[in-house]
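The values are calculated or read from the model by the stated rules, or taken from the named source; none is laboratory data. Just so it is clear, the model here is predicted, and its values are computed rather than measured. Here the Cβ positions follow ideal geometry from the backbone for every residue, glycine too, while neighbour counts run over all protein chains shown.
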Amino acid sequence: MCGIVGYTGSKNAKDIVIEGLYTLEYRGYDSAGIALGGNKISVTKTSGRVSELESKMKESDSTIGIGHTRWATHGGPTTRNAHPHLSFNNKIAIVHNGIIENCDLLKKEVMSHGIVFNSDTDSEIIAHLVAMEDQSDMVQAIENVAAKIEGAANFLVIREGDNNIYCHKKNAALNIGIGEDGNYVASDMLALAKHTKKGIVLSDDETAVLTPTEVKVYKDGKEIKKDIIDINCKEPKVCPCYMQAEIEEIPDALLNTYDSFYKSIKQECIAKAVSAERIAIVACGTAYHAGLYGKEVIETIANIPVDVFIGSEYDRARFINDKTFAIFISQSGETADTLAAVNRSKSLGATTLAITNVANSSITFISDYSLILEAGPEIAVAATKSYNSQLLMLYLFANSLAGKVVTRDVIENVATQANMLLSHSIFTESIAKDNLFFIGKGIDELSAMEGALKFKEITYKMAEAYASGELKHGTIALMDPNCTVIALATNEDYKQKITVSVSEIKARKAKTIGISAIGEIGCDISLFLPKLEDVLLYPLLSIIPMQLLALSTSNYLGINPDKPRNLAKSVTVV
Ligand code: F6R
């Protein structure tokens with residue numbers, strides 16, 4: 001999703017901003033641009049990649065600049081719609097992350113002054129509105145503009161002949177880096193980590209002024225004191241395929257998550273969850289699938305009722321109150337739908353726990369408690385290792401709710417088995433052509449859902465997940481020789497049932513591939529999972545062959561699995 005970066009100091013701004021944009025590429029984008037300040041603002045934009053932007057740029061000795069990667073919402077992914085946008089008098093340049101909900105109204109107001117728009121975006125409004133304000137007090141000007149905007153308004157402003165960057169935060173993350181040779185701002189800590197370890201996390205409705213030598217933060221016109229935090233995120237290593245590397249990191253990620261849980265879980269948090277009337281879990285996409293697993297393990301191990309909600313549907317969740325313990329799962333900690341759900345839960349009196357991979361992400365600041373996965377940076381857009389770590393975190397949490405401690409050797413064994421699975425493939429060329437189904441019963445259905453999502457995201461092919469016993473109620477009509485069905489079987493209790501489902505599918509001449517921990521279930525080919533102590537731990541392993549299958553198919557189809565079309569790593573709009 002949109003990424004913002006800015007720098008003012010004594011170094012070359014172009015180099016720093018371009019480098020920042022490269023770091024933000026993984027969030028997903030379709031166009032990019034930079035504005036360099038000085039006596040005259042110069043803007044360069046492209047509807048392509050950051051590398052194209054870099055090659056389009058002329059040499060510059062400017063020491064102030066702002067940059068943006070855009071994920072189109074209002075207006076197509078064209079150069080004209082790429083940020084930065086200039087004001088009508090060319091004296092103000094802005095970059096924006098978010099959606100201006102009252103954009104039609106504001107656009108009319110701006111146009112009534114005879115101002116002509118140069119893009120189809122909502123964001124351009126900000127440049128004109130700032131330029132229309134009295135420029136003698138820029139903090140006031142920014143606050144006035146922000147007050148007019150309904151919706152998400154994270155933006156940076158630079159002015160002709162001014163070495164300051166003016167930043168406003170509302171909704172998505174905006175972080176400041178305090179450096180030796182200047183000050184930095186970015187929507188992602190990763191873009192700051194190369195330059196400094198000292199940072200400030202802005203909260204909603206705050207405005208920051210970055211001069212080349214100092215940073216001041218304001219709220220409601222008054223300067224406020226902010227904590228200086230340690231930017232402790234690990235820099236991602238450069239590698240040719242992040243998704244591959246991240247799947248290979250699953251064994252280490254699991255052990256890190258195990259250590260992180262027992263290091264940081266608070267007894268007070270466990271006590272609140274145990275005494276709650278109900279637990280609600282909220283998340284989106286892959287994290288939602290982890291949430292479904294959370295319900296299974298919490299209800300099975302700790303005997304507490306759990307409801308699971310998709311983030312964007314949480315506005316209709318009922319019975320959320322001060323007797324609710326709400327868990328929010330988000331790899332990035334920045335997903336707007338999930339953050340909105342945290343805020344709603346808090347306003348209704350619930351206790352909130354965030355499970356995230358990113359320390360100091362927005363979700364950690366607004367939740368009562370946080371558990372950090374410590375899976376290491378996840379750069380590939382499709383979530384892999386963070387999912388395995390989310391499952392483990394929920395498993396450990398469920399055990400703690402039941403007063404049980406999971407010993408490290410149990411998870412070391414899972415990590416060892418995960419490592420062995422990395423060298424097994426269920427890919428066949430026909431999978432890349434066939435309609436694909438992932439089926440399972442019980443907890444295996446949840447893994448099937450994640451397997452299908454991974455496959456769709458990076459192969460652009462249809463794949464569906466189904467409860468195996470439900471196929472015969474309709475979907476079996478689709479079974480023919482052009483179908484491949486991946487059947488998951490990790491629970492001995494369901495052996496009979498899944499074996500029957502497989503034979504029904506085979507009778508319709510579809511191809512079958514088994515991922516089984518319970519021996520033969522009658523599939524054409526099978527991958528057998530090693531024995532684990534607890535059947536509830538199998539989803540940590542069974543997903544790996546499906547992650548690898550999606551990756552191999554993506555590679556076979558010539559798709560870049562790290563940057564699938566239309567997707568963003570952090571979905572910061574609702
Ligand atoms: C799938 C994927 C998305 C995310 C979803 C939530 O591979 O990456 O479905 O899981 O957008 O993102 P987070 O976990 O960052 O809240």
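Numbers for the structure displayed
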{"item": "Enumeration of residues in segment 355-397 that are within 16 Å of THR572 (Cβ to Cβ) and not in a loop (DSSP other than H, G, I, E, B)", "result": "THR356, SER362, ILE363, THR364, PHE365, ILE366"}
{"item": "Hey, LYS497 more than 23 Å from the chain's Cα centre (by Cα), over 23 Å from ASN413 (Cβ atoms) and of a type outside the set (A, V, I, L, M) or not", "result": "yes"}
{"item": "Residues located in segment 515-574, provided they are without any contact (Cβ under 8 Å) to a residue 24 or more places away in the chain and among the hydrophobic types (A, V, I, L, M, F, W, C)", "result": "PHE528"}
{"item": "Any strands (runs of 3 or more DSSP E) falling wholly within segment 1-118 and containing at least 2 residues that are out of contact with any Cys (no Cβ under 8 Å at 6 or more places or on another chain), touching a residue at least 40 places away in the same chain (Cβ under 8 Å) and farther than 30 Å from ASN566 by Cβ", "result": "3-9"}
{"item": "Residues being modelled with pLDDT of 95 or more and among the small types (Gly, Ala, Ser) - total across segment 313-339", "result": "2"}
{"item": "Test result for LEU532, closer than 18 Å to ILE250 by Cβ, buried (at least 19 other Cβ atoms within 10 Å of the Cβ) and among the hydrophobic types (A, V, I, L, M, F, W, C)", "result": "no"}
{"item": "Leading residue by the ranking (farthest from the ligand (Cβ to nearest atom)) among those in segment 328-353 that are in contact (Cβ under 8 Å) with a residue 12 or more places away in the chain, assigned to a helix (DSSP H, G or I) and not aliphatic (A, V, I, L, M)", "result": "LYS346"}
{"item": "Any chance VAL209 is out of contact with any strand residue (DSSP E or B) (no Cβ under 7 Å at 6 or more places or on another chain), modelled with pLDDT of 95 or more and crowded, with 16+ Cβ neighbours inside 10 Å", "result": "no"}
{"item": "Selection status of GLU246, outside any loop (DSSP other than H, G, I, E, B), within 15 Å of the ligand (Cβ to nearest atom) and surrounded by fewer than 20 Cβ atoms within 10 Å (Cβ to Cβ)", "result": "no"}
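Conditions tested, residue by residue: (1) β-branched (Val, Ile, Thr); (2) in a helix (DSSP H, G or I); (3) without any contact (Cβ under 8 Å) to a residue 12 or more places away in the chain; (4) surrounded by fewer than 17 Cβ atoms within 10 Å (Cβ to Cβ).
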residue: GLU268; (1), (2), (3), (4): no, yes, yes, yes
residue: ALA273; (1), (2), (3), (4): no, yes, no, no
residue: ALA280; (1), (2), (3), (4): no, no, no, no
residue: LEU292; (1), (2), (3), (4): no, yes, no, no
residue: ASP307; (1), (2), (3), (4): no, no, no, no
